[in-house]
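I have placed the structure first, in the form of structure tokens, so that the comments after it can refer back to it.
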Amino acid sequence: MRITGLESLVDRRLGTLSLGQSRRVLLAQALLDRPPLLLLDEPFSSLDSLVIHDVRAHLREQVALGACLLMATHRVE
């Protein structure tokens, strides 16, 4: 929850969240068990730049620890 910035939304129902907030929930679910293989399609879609920064840092950590990451994105940077 920390990585995707969901701490303040913990008491909210999923149906009341915005698109970006819902995307953060889905991303948090994907990262929850620290899977050895991550297949991500546009994981940064609808996320703000601060959350993107934190998620990228976390993904780099996971790769450094041995996870395999395959990601499709249209983001140039």
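How large is the accessible surface per residue of the chain, computed with a 1.4 Å probe and reported in Å² as a whole number? Could the numbers behind the result be given before it?
Details: 5430 Å² over 77 residues.
I get 71 Å² per residue for the chain.
Relative to the compact-globule scaling 2.2 N^0.38 Å, provide the ratio for the alpha-carbon radius of gyration of the range 25-67.
Details: Rg = 10.1 Å, N = 43, 2.2 N^0.38 = 9.2 Å.
With N residues counted in the range 25-67, Rg over 2.2 N^0.38 Å equals 1.10.
For the chain, what Kirkwood radius comes out of the mean inverse Cα-Cα distance, in Å?
Working: mean 1/r = 0.0772 Å⁻¹.
By the Kirkwood definition, the hydrodynamic radius is 13.0 Å.
So how far, in whole Å, is the C-alpha centre of the range 59-77 from the one of the range 30-45?
Result: 9 Å between the Cα centres.
With the full set of protein chains in place, find how many percent of the accessible area of the range 1-70 is carbon and sulfur; take the probe as 1.4 Å. Don't skip to the answer; put the middle values down first.
On the way: 2680 of 4720 Å².
C and S atoms contribute 57 percent here.
So what is the 222 nm mean residue ellipticity for the chain from helices alone, if each DSSP H run of at least 4 adds -39500 (n - 2.57) and you divide by all residues, rounding to the nearest 500 deg cm²/dmol?
Details: 2 runs with 29 residues, N = 77.
Here the helix-only value at 222 nm equals -12000 deg cm²/dmol.
Mind checking the angle between helix 19-31 and the chain's longest principal axis? C-alpha axes, 0 to 90 degrees, to the nearest 10.
Computed tilt is about 50 degrees.
In nm, what is the difference between 0.36 nm times the number of residues separating SER18 and MET1 and their Cα-Cα distance? Walk me through the numbers on the way to the answer.
On the way: separation 17, 0.36 × 17 = 6.12 nm, distance 1.62 nm.
Gain on stretching SER18 to MET1: 4.5 nm.
How far is helix 49-64 tilted off the main Cα axis of the chain, in degrees rounded to 10, range 0 to 90?
40
How about the range 8-77: which trypsin sites (Lys or Arg not before Pro) there lie in a loop by DSSP and see at most 15 other Cβ atoms within 10 Å?
Details: sites: ARG12, ARG13, ARG23, ARG24, ARG56, ARG60, ARG75; in loops: ARG12, ARG13, ARG75.
Taking the range 8-77 and a limit of 15 other Cβ atoms within 10 Å, the loop trypsin sites (Lys or Arg not before Pro) found are ARG12, ARG13, ARG75.
The values are calculated or read from the model by the stated rules, or taken from the named source; none is laboratory data. Being a predicted model, the structure only gives us computed values, none of them experimental. As a convention, Cβ positions derive from the backbone with ideal geometry for all residues, glycine included, and neighbour counts pool all protein chains shown. The accessibility values were calculated without ligands, DNA or RNA, using every heavy atom of the protein model including side chains. Shrake-Rupley method; radii C 1.70, N 1.55, O 1.52, S 1.80 Å.
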